[in-house]
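Here's the structure we're looking at; comments come further down.
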Amino acid sequence: MEVVRFSFNVMGDAIRQPDDLSADEKVLMARARNFNSSNNGGSVAGGKQECEPRQQDNSLHSSLGVPRVEDKFTSISDVSSGRGLIESSTNSSRARKHEEKEPLGSWKVKCSKKDQNTLLNFKRGVIDPSGMLASWSVEQDCCQWKGIVRDSITGRVTGLSLPCSTHLSPYTEKEDKSHCLTGEIHPSLLQLEFLNYLNLSHNDFKAIQFDSVSLPWSCGDSSNSNLQYLDLSYNNDLHIENLHWLSCFSSLKYLQLSAIDLHRETSWLQSLTMLPKLSELYLKSCHLGKIYPSLEYANFTSLKVLDLSRNGFNSEFPKWLFNLSCDISKIDLHTNLLQGQIPQGQALLNLRNLKFLRLTENKLKGLIPDWLGQLENPQELFLDHNLFSGPIPTVLGNLSSLITLDLSSNHLNGSVPDTLWQLSNLETLVIGCNFLTGVVSERNFVKLQNLKQLYLGSPSLTLDFNSQWIPPFQLVSITLQYLGGKFPAWIYTQRSLVYLTICHSSISFKSQDKFWNFAAQLELFHLSHNQIEGNLSDVVLQSRIIYVSSNKLRGGLPQISPNVTVFRMDNNSLSGPISPLLCPKINGKWNLMYLDISHNLLSGELPDCWMNWKSLVHVYMRYNNLTGKIPLSMSSLSNLKSLDLHNNNLFGGIPGSLKNCQKLQILDLGENKFSGNIPNWIRHSMKVLRLRSNQFSGRIPQEICQLSSLIVLDFADNRISGPMPNCLHDIRALVFKNASQQFLGFPVENTTYTFIYTLALPSKGQQRNYQSNQEFMRVIDLSQNNLSGLIPLEIFTLAALQSLNLSQNQLIGEIPEDIGNLKQLESLDLSNNHLFGEIPQSISIMSFLGVLNLSFNNFSGQIPTGTQLQSFDALSFIGNLELCGAPLTKNCTEEKNSNSAKLKAKNEDDSGFLSWLYIGLEVGFPTGFLGVCYVLYFGKTWWHASLWRS
């Protein structure tokens, strides 16, 4: 069973984001270690073997099966239990019991010297920052080394288990792996002849040399064919060129390579079908890209579990999946781009024993196939977030063993079939966000006594519950949409409720106090996009996650308890100062990480008591009436990653103390009255720097170029002067498309909730809200300033740039042909400057360019021909008097003829002048010559006369 949880975007929409299945791996890890126990002389391959009697060493066991953020699912290999998340801890316990099994006897057999040398060779290529391998030394027998499992009779190493325990911190974007093993996995490791279990998962290895070229042994004569369990998953920076080397391990039954980059492997399916005993295959998030949709047959003879989720397969549904020669029980293809329809009728023969099917978040369309209703013993079925249409098949009511059914976020229509309400084993029913019709009332839930999670709601589906109804179930999670009338009274009977979501509804509260008192028991309540009114200024909210956006709340801000982690009350009509919320009279350790009170009517100054909220990661207070300066105490927010104060009335400079916020990635101070120079201390972690529409002056500091992760640089509409920096090519995120991690959301610790940041950026001439689960536009906007000089040539090396706006400045010079290097550019605005020369031909091949404005400059010549530039309006080129050609009405041929006529007339004028010059010369030459002779003759007489008189 999957616990239905949600991530929320800033617009208030609930987006279901299912967890990633991997709890099954924990049980299988323990079980896999016993695969070969009957073939090793009575040894227990999974047990910790001792050199001599001593107390059981649990160091190995404590490092195994560590739950991660996504490891919150049932064991699919033991799905008959049907307990789902409720038993996830039991599964982990069961795994530990396998691992802690007592050895059969206590033999004083030393570890094999050959195996010990092989392991030391492996250690030499490993960087071990936390001393995980500190016990690996020649002074100790290798049976005492951490992570080693050996045979008690032969002394040969049979297992190596060194997974790293990691977690996703709310203060970082990635798992913390600073303590994990890193370096290179040496191929000699797989020369351990009796190794049947290898687990190096969740470490930080950077390289591996397991390929058919570098393997030092012949696969046909391989000495380690015992390997049955291999887990290298979640070494996120590990790249493997191909999987051909796996053919050396013909006994392999369990293979886990999730989150390893395999994008260069073009024949992964062929390589894996060479493993005849392969039972469980996990290749989640491997960037495979190709799923061979037209292949009719794949020779998996033993496969039970197949996980190919999160790979971006952009193709039709694969045919070979329905022609497997094995009885597969689990298929997970969620979060890909699979298209088309699921084949009808032909799949039942090979998928009859399917117990788990997840096709979430694809682009599958058409009818839901009827053969799903003929599965023999299904337990979990996820078809949500696709494009399925038509009615919900009545035959799904035949699936009496079903525990989880998720059909949400499709285009399904018609009424909910009566057979669906007969599935008495259902624990999770999720059918919301469709186009269902009809009425759902308490009568539909008579047989659903085991229900734990419920998600209902479509615009035309009426939810009509009797106010006196007491349900036969106790829910953990409720999501209801498009409710009308009063708040459903039956919800108050749910004593086990943890998560409550009611959105896109017109409900009203009969008793506000009753609801807020009831909400104190909830870990999360989400009440966005409703018509809820009321004044909460005297209410104290205690839930860990509070999300009451887009309602009609008024009055002052409520108070919160130290338990609150997320507080969102944006898009309401709240008024008054912020200080009652942020400067409480009670003392305590506050845990607030996410604060969003944007789009309200809040006023007054920012309070100077931020030192009480050092846990804050994200602060959003945009679109209010706040005034004053940024207080100095804000510098105490050492965990702050995003600060958004745009569209207020704040003034003053950006205080230098903010440089203490060393994790700051987003700073949006736009649309205020800030002044002074742009600071030169901006943190190198910055990704979004938006200071537009203020009163900043001075020059752009060269230090801006040191922000290598910057993707948005917006200083538009200020008073900035001087030349543009000539070092912008040092901003790597604008040069290389994948140079900057783009995730800017907020994962809530210990949950699967993610709150998503949105940013208004120009896209093709319009403002567009980009969410952090999307790829942001890479933008430079320096328009409406007093910048002067040439446009630096370096700016034309920013190959990842998508929007460039330098309009309304004092820039001069020509546009170089190098502008064609900006192949990703979608919007270019250089209007209202003093640029001159011809428009370079290379602009015409910028295929993504959707907005172009070169108006009101001094460009000349013909506009380059090509469908790209001629598709723009003439307004893109007006105000350039010497410019001609389409789309302008000024014809370059006429212009050329006109110029030729002028030149001819000029030449004629010049010709007449020369003619008269020649005539003058003809007449004047003899006269001039005689005159010279006369002067010489008479001058000589005069010279002699003068000399005589002297």
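The values are calculated or read from the model by the stated rules, or taken from the named source; none is laboratory data. This one's a predicted model, so the numbers in the text were calculated from it and none came from an experiment. Glycine gets a Cβ as well: all are built from the backbone with ideal geometry, and neighbour counts include every protein chain shown. Accessible surface areas use protein heavy atoms only, side chains included; no ligands, DNA or RNA. Shrake-Rupley method; radii C 1.70, N 1.55, O 1.52, S 1.80 Å.
Values for this structure:
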| quantity | calculated |
| --- | --- |
| Among (1) out of contact with any strand residue (DSSP E or B) (no Cβ under 7 Å at 6 or more places or on another chain); (2) part of a loop (DSSP other than H, G, I, E, B), the one test that Ala716 misses | (1) |
| Of the criteria (1) within 29 Å of Gln784 (Cβ to Cβ); (2) part of a strand (DSSP E or B); (3) open to solvent by less than 20 Å² (accessible area, probe 1.4 Å), which one Ser603 fails | (3) |
| Selection within the range 211-239 - surrounded by fewer than 21 Cβ atoms within 10 Å (Cβ to Cβ) and modelled with pLDDT of 50 or more | Cys219, Asn224, Ser225, Asn236, Asp237, His239 |
| Candidates Ser477, Ser460, filtered to the one that is closer than 24 Å to Leu407 by Cα and open to solvent by less than 20 Å² (accessible area, probe 1.4 Å) | Ser477 |
| Subset of the range 571-587 [modelled with pLDDT of 95 or more, open to solvent by 50 Å² or more (accessible area, probe 1.4 Å) and polar (S, T, N, Q)] | Asn571, Ser573 |
| Pair list, Cβ under 8 Å, 6 or more apart: the range 558-572 residue in contact (Cβ under 8 Å) with a residue 40 or more places away in the chain and hydrophobic (A, V, I, L, M, F, W, C), other residue part of a loop (DSSP other than H, G, I, E, B) and open to solvent by 10 Å² or more (accessible area, probe 1.4 Å) | Val566/Arg544; Val566/Met593 |
| Elements of type strands (runs of 3 or more DSSP E) contained in the range 116-185, each with 3 or more residues being of a type in the set (Lys, Arg) and within 25 Å of Ala207 (Cβ to Cβ) | none |
| Within the range 321-370, tally of residues that are open to solvent by 10 Å² or more (accessible area, probe 1.4 Å), outside any loop (DSSP other than H, G, I, E, B) and not small (Gly, Ala, Ser) | 8 |
| Qualifying residues in the range 108-132 (those that are farther than 18 Å from Leu190 by Cα and within 37 Å of the chain's Cα centre (by Cα)) - the one surrounded by the fewest Cβ atoms within 10 Å (Cβ to Cβ) | Gly131 |
| Number of positions in the range 260-289 that are over 11 Å from Leu308 (Cα atoms) and under 21 Å from the mean Cα position of the chain (by Cα) | 4 |
| Candidates Leu557, Leu553, Leu574, filtered to the one that is assigned to a loop (DSSP other than H, G, I, E, B) and not polar (S, T, N, Q) | Leu557 |
| Among residues of the range 237-280, those that are touching a strand residue (DSSP E or B) at 6+ places or on another chain (Cβ under 8 Å) and farther than 20 Å from Leu337 by Cα, counted | 17 |
| Among (1) of a type in the set (Ser, Thr, Tyr); (2) surrounded by fewer than 23 Cβ atoms within 10 Å (Cβ to Cβ); (3) modelled with pLDDT of 90 or more; (4) in a loop (DSSP other than H, G, I, E, B), the one test that Tyr297 misses | (3) |
| Residues located in the range 416-461, provided they are in a strand (DSSP E or B) and under 36 Å from the mean Cα position of the chain (by Cα) | Thr428, Leu429, Val430, Phe435, Leu436, Thr437, Gln453, Leu454, Tyr455, Leu456, Ser460, Leu461 |
| Residue match in the range 373-387 (condition: surrounded by fewer than 20 Cβ atoms within 10 Å (Cβ to Cβ), touching a Lys or Arg at 6+ places or on another chain (Cβ under 7 Å) and assigned to a loop (DSSP other than H, G, I, E, B)) | yes |
| Qualifying residue in the range 445-453 (condition: among the aromatic types (Phe, Trp, Tyr), more than 30 Å from Asp538 (Cα to Cα), free of Cβ contacts under 8 Å to residues at least 60 places away in the same chain and surrounded by 18 or more Cβ atoms within 10 Å (Cβ to Cβ)) | yes |
| So Ser315, is it surrounded by fewer than 20 Cβ atoms within 10 Å (Cβ to Cβ) and touching a residue at least 40 places away in the same chain (Cβ under 8 Å) | no |
| Any hit, the range 499-506, residues being part of a strand (DSSP E or B), under 13 Å from Gly432 (Cβ atoms) and either open to solvent by 30 Å² or more (accessible area, probe 1.4 Å) or among the basic types (Lys, Arg) (or both) | no |
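Table: residues versus (1) within 17 Å of Leu383 (Cβ to Cβ); (2) open to solvent by 10 Å² or more (accessible area, probe 1.4 Å); (3) among the hydrophobic types (A, V, I, L, M, F, W, C).
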residue	(1), (2), (3)
Thr404	yes, no, no
Gly414	yes, yes, no
Leu420	yes, no, yes
Phe435	yes, yes, yes
